[in-house]
């Protein structure tokens with residue numbers, strides 16, 4: 001699904017640090033083998049002056065961790081009451097996954113959402129998928145017509161439509177909404193940049209938001225739609241970016257600076273027109289249709305901003321994964337663009353749900369970190385590494401303690417759908433590895449209850465993952481709760497186990 005998989009194509013091993021911002025840059029999975037360190041051989045103990053407080057963290061976690069069984073339909077109520085007590089009355093809950101396409105985090109999300117809907121009156125779920133595409137699923141769960149497979153393909157991006165856990169989630173919401181006793185219906189949203197930027201295997205491409213906005217505009221203002229379409233038509237075929245060059249034909253990086261500026265200007269005029277004509281356009285359609293069309297126009301602007309970070313004359317790295325300076329800068333800038341867009345889209349979703357709305361947000365642990373993150377992805381030169389601003393940083397500033405976040409730690413295992421890959425066993429130098437020494441296969445740990453010395457240590461720069469895929473962040477402030485899974489398994493291989 002992304003940079004992770006591109007590394008695999010170069011023969012690099014996956015670790016538990018992935019599930020990441022541009023881990024979704026490129027589509028497609030490839031097979032790779034990586035040895036897993038056994039639980040009986042967790043590697044050398046942590047070194048340095050912090051070793052004693054690390055041991056204190058483990059001892060505290062052994063007494064404070066709440067063991068939970070693997071998610072299943074049968075144990076939903078008992079399993080999730082522990083999480084519910086930790087969440088309290090918070091109306092926004094961010095549940096993360098440490099790796100994409102692993103079964104256990106997705107199943108945990110499904111059980112958690114069902115519990116929150118049934119016991120805490122949650123009204124919506126928002127997942128790491130395009131905001132424009134998500135309306136297709138939302139219409140379906142509200143009782144709209146359509147074949148489920150088609151709805152998933154058109155409504156969930158990044159190839160996540162293939163995951164059986166997402167199918168189960170959509171089926172459950174639709175069934176829940178059909179019950180007449182449930183007066184307030186549950187909504188489904190995507191909150192990501194539309195069109196799965198850079199993922200050539202996604203069903204809908206980078207023209208998704210623009211095409212949606214123009215289709216609406218053609219209905220309410222045919223003359224303006226025709227004028228804008230004439231300005232945009234020279235660029236529509238180039239609205240794609242595939243670093244692998246698997247797609248033939250025009251790509252965005254082949255546009256000249258003047259052409260890029262012309263595309264940006266036309267999209268800006270589209271957004272301005274939608275804002276200026278809110279009243280008459282709403283009268284000619286419905287307020288809801290207008291609001292979604294306006295979000296599509298905003299989505300087109302987000303996509304364009306992401307694309308504008310691509311260097312002219314892009315060339316895919318050929319010597320392993322060591323991008324050039326300009327490519328490294330693109331990866332960093334495009335990630336910040338994407339996460340800011342995610343934060344803005346989520347703020348709109350929360351507003352759209354209203355004062356009584358409650359939303360579960362699901363994404364990679366990178367995106368949901370409420371603290372800046374340093375990564376090693378952009379360059380092999382540590383001097384070039386800088387702190388990124390995940391979507392969670394925007395959410396924390398906007399919503400404060402109304403948001404509770406759950407960080408997913410993973411010991412090891414397998415992940416993938418079409419191609420199963422091995423996740424290297426987390427070493428003790430990472431928080432994932434330390435959690436593996438607590439002695440419980442699955443547990444929840446409320447970091448807000450940690451003793452002062454442990455909290456002080458947690459608030460230092462700590463590591464998630466290891467090697468080339470390391471995330472460095474202040475975990476004590478980045479997540480309120482930790483959800484540890486000792487061993488994950490392929491999402492698709494576990495479709496029928498529950």
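The values are calculated or read from the model by the stated rules, or taken from the named source; none is laboratory data. Note that the structure is predicted; figures quoted are calculated from it, not measured. Please note: Cβ atoms are built from the backbone with ideal geometry, for glycine as well, and neighbour counts cover all protein chains shown.
Consider residue 68 carefully, then state whether it is modelled with pLDDT of 95 or more and under 15 Å from residue 111 (Cβ atoms). Working first, answer last.
Working: modelled with pLDDT of 95 or more: no; under 15 Å from residue 111 (Cβ atoms): yes.
The answer is no for residue 68.
Filter the stretch 232-245 down to the residues that are closer than 15 Å to residue 209 by Cβ and within 28 Å of the chain's Cα centre (by Cα), then identify the one that is surrounded by the fewest Cβ atoms within 10 Å (Cβ to Cβ). Walk me through how you get there before you give the answer.
Looking only at the stretch 232-245, we keep the residues that are closer than 15 Å to residue 209 by Cβ, and these are 232, 235-236, 239-241.
The next check asks that each one be within 28 Å of the chain's Cα centre (by Cα); those that pass are 236, 239-241.
On the way: 236: 16, 239: 24, 240: 19, 241: 24.
Of everything passing the filter in the stretch 232-245, 236 is surrounded by the fewest Cβ atoms within 10 Å (Cβ to Cβ).
Mind checking whether some residue in the stretch 113-131 is farther than 24 Å from residue 491 by Cα, part of a strand (DSSP E or B), at pLDDT 95 or above and not assigned by TED's automatic domain parsing to the domain that holds residue 298?
First pass over the stretch 113-131, keeping only residues farther than 24 Å from residue 491 by Cα: 118-123.
Cutting the leftovers down to part of a strand (DSSP E or B) gives us none.
No, the stretch 113-131 contains no residue that is farther than 24 Å from residue 491 by Cα, part of a strand (DSSP E or B), at pLDDT 95 or above and not assigned by TED's automatic domain parsing to the domain that holds residue 298.
Select from the stretch 177-202 the residues that are in contact with a helix residue (DSSP H, G or I) (Cβ under 7 Å, 6 or more places away or on another chain) and surrounded by fewer than 19 Cβ atoms within 10 Å (Cβ to Cβ) and write down the one among them that is nearest to residue 151 (Cα to Cα).
177
Within the stretch 417-493, considering only strands (runs of 3 or more DSSP E) that don't extend past its boundaries, which have at least 3 residues that are closer than 22 Å to residue 52 by Cβ and either touching a helix residue (DSSP H, G or I) at 6+ places or on another chain (Cβ under 8 Å) or assigned by TED's automatic domain parsing to the domain that holds residue 397 (or both)?
Fully inside the stretch 417-493 and qualifying: 462-464.
Select, from 314, 292, the only residue that is in a helix (DSSP H, G or I) and surrounded by 13 or more Cβ atoms within 10 Å (Cβ to Cβ). Before the answer, list the steps.
Values: 314 fails: in a helix (DSSP H, G or I).
Matching residue, one of 314, 292: 292.
Restricting to the stretch 246-273, what's the tally of residues that are within 28 Å of the chain's Cα centre (by Cα) and closer than 17 Å to residue 210 by Cα?
Summing the residues that are within 28 Å of the chain's Cα centre (by Cα) and closer than 17 Å to residue 210 by Cα in the stretch 246-273 gives 9.
Could you tell me whether residue 215 is under 25 Å from residue 344 (Cβ atoms), surrounded by fewer than 13 Cβ atoms within 10 Å (Cβ to Cβ) and in contact with a helix residue (DSSP H, G or I) (Cβ under 8 Å, 6 or more places away or on another chain)?
Numbers: under 25 Å from residue 344 (Cβ atoms): yes; surrounded by fewer than 13 Cβ atoms within 10 Å (Cβ to Cβ): yes; in contact with a helix residue (DSSP H, G or I) (Cβ under 8 Å, 6 or more places away or on another chain): no.
It is false that residue 215 is under 25 Å from residue 344 (Cβ atoms), surrounded by fewer than 13 Cβ atoms within 10 Å (Cβ to Cβ) and in contact with a helix residue (DSSP H, G or I) (Cβ under 8 Å, 6 or more places away or on another chain).
Residues 202, 209: which one is closer than 30 Å to residue 357 by Cβ and modelled with pLDDT under 95?
Residue meeting the stated conditions: 202.
Specify which of the listed residues (205, 190, 198) is touching a residue at least 24 places away in the same chain (Cβ under 8 Å) and in contact with a strand residue (DSSP E or B) (Cβ under 8 Å, 6 or more places away or on another chain).
Numbers: 205 fails: in contact with a strand residue (DSSP E or B) (Cβ under 8 Å, 6 or more places away or on another chain); 198 fails: in contact with a strand residue (DSSP E or B) (Cβ under 8 Å, 6 or more places away or on another chain).
Only one candidate qualifies: 190.
Does at least one position in the stretch 102-112 carry a residue that is outside any helix (DSSP H, G or I), within 16 Å of the chain's Cα centre (by Cα) and in contact (Cβ under 8 Å) with a residue 60 or more places away in the chain?
yes
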